[in-house]
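For reference, the structure discussed in these notes is given below.
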């Protein structure tokens, strides 16, 4: 988790910000996220794996708040299914935490109540590495480091062979 946020913050620093303040804010974001301890071990390989991964996700009466602000519930009992081949839209105003639903899906944080399942298996029962290896996040704003495309790909998958990158 900290690595993902640090990478995004470094990416912001790598661009030419219109105001020096943006770079300072990004640097603060890096330190803040690196200092954050998470209860979930992202390198944990215990748990179940699914042989056929199609990307089916479901939320069942899921509630979520950030650990540092447990009284501020962000997701309030949401339920939906995102099934392969079907379209699902999370609609809301800018800044209304639509993207927050990704956090419990990838077990970057656990939901407070309810169930988040991927391929019919509660994400708490998944092998976290296998779960995350089968998912990707595509943001509206792509952040690339000021380097080659090959280096950017290798950053996301350090063990990638040259053939995989090409």
### Message
Looking at segment 132-154, can you tell me whether even one residue there is under 17 Å from residue 47 (Cα atoms), touching a helix residue (DSSP H, G or I) at 6+ places or on another chain (Cβ under 9 Å) and outside any loop (DSSP other than H, G, I, E, B)?
### Response
no
### Query
Can you find even one residue in segment 75-82 that is touching a strand residue (DSSP E or B) at 6+ places or on another chain (Cβ under 7 Å), touching a residue at least 60 places away in the same chain (Cβ under 8 Å) and surrounded by fewer than 14 Cβ atoms within 10 Å (Cβ to Cβ)?
no
### Query
Given the conditions (1) touching a strand residue (DSSP E or B) at 6+ places or on another chain (Cβ under 7 Å); (2) in a helix (DSSP H, G or I), which single one is not true for residue 124?
(1)
#### Entry: Index of the failed condition, residue 67 passing every other in (1) touching a strand residue (DSSP E or B) at 6+ places or on another chain (Cβ under 6 Å); (2) not in a helix (DSSP H, G or I)
(1)
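Any read-out appearing in this document is the output of simple, stated calculations on the displayed coordinates, not a laboratory observation. The shown structure was predicted, so the numbers you read here are calculated from the model rather than taken from an experiment. FYI the Cβ positions are ideal-geometry reconstructions off the backbone, even for glycines, and counts take in every protein chain you see.
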